[in-house]
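Q: So that we are looking at the same thing, I have put the structure below in structure tokens.
Laboratory data are not the source of any read-out in this text; all were calculated from the coordinates shown. A quick note: this is a predicted structure, and the numbers were derived from the prediction, not measured. Virtual Cβ from ideal backbone geometry, glycine too; neighbours counted across all protein chains shown.
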Amino acid sequence: MDEAERESSPWQRNLHVLWFCTFVAGMAFSEIMPFLSLYISSLGDYTKAQVTMYSGLVYAADFFVSAIASPLWGIVADRKGRKIMLLRSSLGMGVAMALMGFANSVWQLVALRALQGVFAGFISNAQALVASQTPRKHSGASLSTLMTGPTSGMLLGPVFGGILAQVFSIRITFFITGFLLLVTFFMSWGLVEEKFKPVVHQSGQATSHNPLAAFPNPKLILVLLSSTLIVQFGNISISPIISLYVKELMHNVGPITVVAGIIAALPGISNIIASPRLGRYGDQHGSGRVLIFGYIFATLMYLPQGFVTSVWMLGILRFMIGISDGALFPEIQTLLTKNTPVELTSTVFSWNQSFQSIGNMLGSLLGGWIAGIFNYNAVFISTAALMVINLTLVWWLVPEIRKRQAPATTHS
């Protein structure tokens with residue numbers, strides 16, 4: 001689509017509808033995620049080290065399969081459209097989530113998490129659909145606004161899920177999660193409108209075996225994809241142990257699932273406030289500047305989380321992490337959008353999803369491993385170190401990202 005077609009497309013309506021759909025999807029996912037380790041504990045008589053290891057394995061199963069499947073779904077999306085991918089993802093994951101409520105062993109849970117990975121990609125496909133139809137001058141603000149959808153859902157999900165787990169059980173929460181994903185299926189089906197134009201390759205057109213050949217700045221694309229992996233690695237390494245860390249800080253006394261849900265949700269509050277503002281700033285002054293700020297701020301907020309002695313201090317620092325997340329993820333996606341040919345939008349977002357899934361998988365496994373060998377606080381310290389490493393790579397490999405305006409190429 002050229003800029004005139006983007007302007008005349010229903011991009012604003014799609015943004016509003018998909019914001020709500022990703023909000024529901026984010027809430028559905030986050031209802032369960034903080035409590036998987038507690039759910040695993042209920043499936044057998046395990047030691048602390050075993051629970052952390054199994055938690056990492058259960059988290060990783062989804063992401064391992066998703067890393068393989070996402071690029072394949074991205075190719076299909078560029079040929080058949082993004083809306084059909086939204087329907088495929090929401091329906092498939094809804095069924096997988098509901099089945100987890102029937103799991104009786106860790107290995108059944110691992111298998112169902114792997115099945116969920118086959119259908120992963122609702123949020124990334126929503127991002128691709130919005131990115132492919134939004135006028136490029138609004139892409140940063142639109143993607144940043146869209147990202148507040150799943151973030152808002154993830155804000156409410158752990159609290160809602162914690163209350164459900166406390167009042168009913170974690171198993172019941174799985175069934176409710178499946179139902180919420182079914183809601184996004186019907187909303188996407190009935191309310192999202194896509195003016196999709198499949199890419200037509202001319203018969204005599206030369207093709208390259210290098211998948212990055214079509215990009216104006218392949219090095220930037222690789223750095224951004226690697227950054228997605230590293231940032232997600234750091235974020236997800238904390239997820240398998242956050243409820244266990246809260247349990248330790250509370251000395252195993254009180255409504256642990258509710259407090260863990262609140263702690264897990266706190267970054268969403270600051271993210272909702274910061275993300276659209278940072279997106280608009282990036283559109284005006286350069287997305288690279290916002291990205292660099294995000295790395296520095298994340299390092300300063302992650303490190304002290306490994307030394308807290310109360311849930312109150314942990315909560316304050318987790319709240320501040322939402323600001324860095326609002327700078328990192330949307331700006332990485334904005335830079336990918338501005339430097340990608342429009343006909344490859346779904347492809348590059350599927351690559352981004354794949355790198356994110358690899359980060360999720362490695363973060364889950366190594367987060368549980370680090371916590372099992374050392375302690376929970378070592379996970380936060382290692383995450384801070386990762387942010388420093390990622391900032392160094394961006395600063396060194398892509399010096400142009402520090403300029404006032406990030407490099408952007410317009411493609412019709």
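Q: Based on DSSP H runs of at least 4 residues, each adding -39500 (n - 2.57), what is the mean residue ellipticity at 222 nm of the chain after dividing by all its residues, to the nearest 500 deg cm²/dmol?
A: -26000 deg cm²/dmol
Q: Pick from T383, T47, T334: which is most flexible by mean-square fluctuation in a GNM of the chain where alpha carbon atoms under 10 Å apart are linked?
A: T47
Q: Please list, by residue number, everything in the stretch 48-90 whose backbone N is under 12 Å from a paramagnetic label point 7 Å out along Cα→Cβ of N104.
A: Backbone N within reach: none found.
Q: Obtain the nm distance between the two label points defined at T392 and A378 by a simple spin-label model: each point lies 7 Å from its Cα along the Cα-to-C-beta direction.
A: 2.1 nm
Q: Contour minus end-to-end for E400 and I75, with contour as 0.36 nm per residue of separation and end-to-end as the Cα-Cα distance?
A: Gain on extension, E400 to I75, equals 114.0 nm.
Q: Something else about it: How high is the FRET efficiency between F307 and R277 when r is their beta carbon distance and R₀ equals 30 Å, given to the nearest 0.05?
A: 0.50
Q: While we're on this one: So what's the angle, to the nearest 10 degrees on a 0 to 90 scale, between helix 311-338 and the longest Cα principal axis of the chain?
A: 20 degrees
Q: Shifting gears a bit: Would you check the chain for Lys pairs whose C-alpha atoms are within less than 29 Å, ignoring same-chain pairs closer than 8 in sequence, and give me the count?
A: Within the chain, the lysine pair count is 21.
Q: Which ³J(HN,Hα) values, rounded to whole Hz and listed in residue order, are derived for the stretch 213-230 from phi using the Karplus coefficients 6.51, -1.76 and 1.60 in 6.51 cos²θ - 1.76 cosθ + 1.60 with θ = phi - 60°, glycine and proline given as x?
A: For the stretch 213-230, the Karplus curve yields 5, 7, 8, x, 9, x, 4, 4, 4, 5, 5, 5, 5, 5, 5, 4, 4, 5 Hz.
Q: Would you order W19, W351 from fewest to most other beta-carbon atoms within 10 Å of each residue's own beta-carbon?
A: So the residues, fewest neighbours to most, are W19, W351.
Q: On a 0 to 90° scale, report how tilted helix 11-32 is relative to the longest principal axis of the chain, with both axes built from alpha carbons and the result rounded to the nearest 10.
A: Once rounded, the angle reads 20 degrees.
Q: OK, next. Tell me the angle of helix 83-100 to the major Cα principal axis of the chain, expressed in degrees between 0 and 90 and rounded to the nearest ten.
A: Compared with the principal axis, the helix lies near 10 degrees.
Q: Summing +1 for each Lys or Arg and -1 for each Asp or Glu, what net charge is found among the other residues whose Cβ lies under 14 Å from the Cβ of S90?
A: +3
Q: Relative contact order for the chain using alpha-carbon pairs under 8 Å, separation at least 6, rounded to a whole percent?
A: Relative contact order comes out at 29 percent.
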